[in-house]
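Engineer: There's a structure below that I have some questions on.
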Amino acid sequence: MRSKKTSVGLPADSTSERAPVWLEPGAGFPLLRFDNTFVRELPGDPDTLRAVRGVRGACFSPILPLPVREPRLVAHAFEVARLLDLSEAVCASDAFTAIFAGNALAPGMEPYAACYGGHQFGTWAGQLGDGRAISLGEVLNAEGQRWELQLKGAGATPYSRTADGRAVLRSSIREFLCSEAMAHLGVPTTRALSLVSTSDRVVRDMFYDGQPRSEPGAIVCRVAPSFLRFGNFEIFAARGEVDVLTRVCDYTLRHHFPELGAPAPETYAAWLTEVCRRTAVLVAHWMRVGFVHGVMNTDNMSILGLTIDYGPFGFLDHFDPGFTPNTTDAAERRYRFSNQPLVAKWNLVKLAESLFPLIGSIPPLEDALAIYTATFEAEQSRHFAAKLGLHSAERSLVDELHELLALVETDMTVFFRRLADVPVELGSEASDDALLAPLADAYYPPQDDRTGLSCLSGPARARTVTWLRRYAASVKAEGTPPVLRKQRMNAVNPKYVLRNCLAQLAIDAAEAGDPGLVVELLEVLRHPYDEQPERERFAAKRPDWARRRAGCSMLSCSS
Ligand code: AMP
Ligand code: MG
């Protein structure tokens, strides 16, 4: 162990607070190849204090993680470790836990917190920044891929405002599991390498109702090519710091969009177009799997089109277009499921406004935004056709289905998965009951005791049967053999998603000292499209207890 200055000028041991130790090269941790372009190429904050402040003219502030007591590795994702060329033996080492708790630093790391702003719930909020995220640096792996490592919950930074820079175990479990679940679902996302718990307690007022309680703390190491957000650009435009705005835009082009060419007004416009396209692809995926982000503020929108900042998110259990898991948003429901495509566009408008000083005219901005709309619509149609096992689906077929799903409480995930079992190949020979039988489990109201069939009755039943017959005709017209249709549908309609009730069960057990369910859920969610017969219980629709349980139907930003 040695004490060392980081190359961004931060003394590791000059303050009275605890500081992480610097590991010697080879001291139990492999030498990773760090190439810290963000701190090397962008203007940094000359001030290295932890004090909360407005930071001007800088894209980041150097800051060290604050060590925690008794760090324990709860879980890690071997797939993410592999991206970093870290072996399972390394992941099991004390050095790994110490580093990803923020207690130790490996050679080459140059920790910092990024400066960004954002529009929160539709209003410009000014400077926000990494208030509890500390980036450790950028690793170049053997394949030449660049991965930024970022600790969430590793202590206060100049951007912590009135908060403590920490994260509680419950929110860390949710972020860890959902990052990986989304990756395995095929949804663009930041990844999660590790989840470390600590005996340090963190005080949170979970529902902002004046009843704070002390909770176990944790640190997640997130991994992504970059954590740049719309807000990293908005802040400099809002402050009129066009020189810094230009530098961060050029940096982003150089490292993350090199195929677009050298900086020029047309290149910035092409870049904005690409961000619009990627955001459309992202939101179409969310709609496909029933994911509600919960806090789509512009500071939570990735410039790379990744799902970022898992907070009060939720997967739809019963299909409710108005659902938001976020109690902070309960009144306006700005971030409800059905509004996500519109909100993403609103956020892109804010990004476009920020880039105006570099692009210099309005039409390219409008063109880029039009690409968002066109891409979203094309992707949404493609996804829903695939969910139905069709090459292309008439819009009215999909629209009518969305209406049906909301008529009676219907579980979105179970419904689409079971739709593959509806015997559409029988055509007009199939009885109504035979068509409906595979779907019985998808409905929340209790089954009919007499028939054992779904609760559907009256007009809802009649409309569903009519729809199923129309659907059967579409399948028949395309001529896909039944086995192939089922295979195709199962490849896009997940059987396993991280329902809030599942996350909550894992949280309850982990808070009581047993992290087993976190690890088991991670394993289940690795294969969301596969049948896992021994794990059927994780595919069941939401149990009744979860309807009103905090953490399941209600979540806040307090994490
Ligand atoms: P979020 O809505 O969670 O994305 O956070 C919005 C802003 O609040 C960001 O600048 C976060 O870094 C900051 N923030 C959230 N929680 C904390 C915390 N516990 N400590 C410090 N900053 C926080
Ligand atoms: Mg955030």
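Engineer: If I take every Cα pair under 8 Å that is 6 or more residues apart in the range 47-134, average their sequence separation and divide by the length, what percent do I get for the relative contact order?
Structural biologist: Over the range 47-134, the number comes to 32 percent.
Engineer: Give the span of the range 299-341's Cα atoms along each principal axis, as three whole-Å numbers ordered largest to smallest.
Structural biologist: Answer, in whole Å and largest first: 29, 20, 17 Å.
Engineer: Next question, about the same structure. Where a ≥ b ≥ c are the square roots of the eigenvalues of the C-alpha gyration tensor, would you call the range 415-559 rounded, which needs a/c under 1.5, or, failing that, prolate if a/b is larger than b/c, or oblate?
Structural biologist: Cα axes put the range 415-559 in the prolate bin.
Engineer: Considering only C-alpha atoms, what is the centroid distance from the range 51-92 to the range 505-523, in Å?
Structural biologist: 22
Engineer: Given the convex hull over the Cα atoms of the range 50-199, what projected area results after averaging over all orientations, in nm²?
Structural biologist: 10.1
Engineer: For the chain, take the longest principal axis of its alpha carbons; what is the angle in degrees between that and the long axis of helix 169-185, to the nearest 10 within 0 to 90?
Structural biologist: On a 0 to 90 degree scale, this one is about 60.
Engineer: Rule-of-thumb check for the range 358-425: C-alpha Rg over 2.2 N^0.38 Å?
Structural biologist: Normalised Rg, Cα atoms only: 1.57.
Engineer: Using just the alpha carbons, could you tell me how many Å³ per residue the convex hull of the range 364-468 encloses?
Structural biologist: Normalising the Cα hull of the range 364-468 by residue number yields 111 Å³.
Engineer: For the range 109-153, what is the largest minus smallest coordinate of the Cα atoms on each principal axis, given in angstrom and ordered from greatest to least?
Structural biologist: Largest to smallest, the principal-axis extents are 43, 18, 14 Å.
Engineer: Moving on. Grab the chain and count how many Lys pairs have their alpha-carbon atoms under 17 Å apart, sequence gap of 8 or more, or different chains.
Structural biologist: For the chain, the number of qualifying lysine pairs is 6.
Engineer: I need to check one value: relative contact order of the chain, counting alpha carbon pairs closer than 8 Å and at least 6 residues apart, in percent.
Structural biologist: 13
Engineer: Rounded to the nearest 500, what is the chain's calculated 222 nm mean residue ellipticity when only DSSP H runs of at least 4 contribute -39500 (n - 2.57) each, over all residues?
Structural biologist: About -12000 deg cm²/dmol.
Engineer: Let's test this: bin the Cα-Cα distances of the chain at 10 Å from zero up to the farthest pair and state each bin's percent.
Structural biologist: 4, 17, 27, 25, 16, 8, 2, 0, 0
Engineer: Determine by what factor the alpha-carbon radius of gyration of the range 170-224 differs from 2.2 N^0.38 Å, reporting the quotient.
Structural biologist: For the range 170-224, the normalised Cα radius of gyration is 1.34.
Engineer: Continuing with this model, one more query. Can you sort Lys486, Lys387 from fewest to most other Cβ atoms within 10 Å of each residue's own Cβ?
Structural biologist: Ranking Lys486, Lys387 by Cβ neighbours within 10 Å, fewest first, gives Lys486, Lys387.
Engineer: Quick one: check the C-alpha center-to-center distance for the range 469-503 versus the range 176-221, whole angstrom.
Structural biologist: 32
Engineer: Computed over the Cα atoms of the range 137-198, what is the convex hull's projected area averaged over all directions, in nm²?
Structural biologist: Mean shadow area of the hull around the Cα atoms is 5.6 nm².
Engineer: Moving on to the next point. Working from Cα positions, state the angle (0 to 90°, nearest 10) between the long axis of helix 395-407 and the longest principal axis of the chain.
Structural biologist: Helix 395-407 sits roughly 90 degrees off the main axis of the chain.
Engineer: Could you state the orientation-averaged shadow area of the convex hull built on the Cα atoms of the range 235-350, in nm² to one decimal?
Structural biologist: That works out to 7.9 nm².
Engineer: How compact and how long is the range 19-79, expressed as Rg and Dmax of its alpha-carbon atoms in Å?
Structural biologist: Rg and Dmax of the range 19-79, Cα atoms, are 15.7, 39 Å.
We did not get these values from a lab; they are worked out from the coordinates using the rules stated. Predicted, not measured: the structure shown is a model, and the values here were computed from it. FYI the Cβ positions are ideal-geometry reconstructions off the backbone, even for glycines, and counts take in every protein chain you see.
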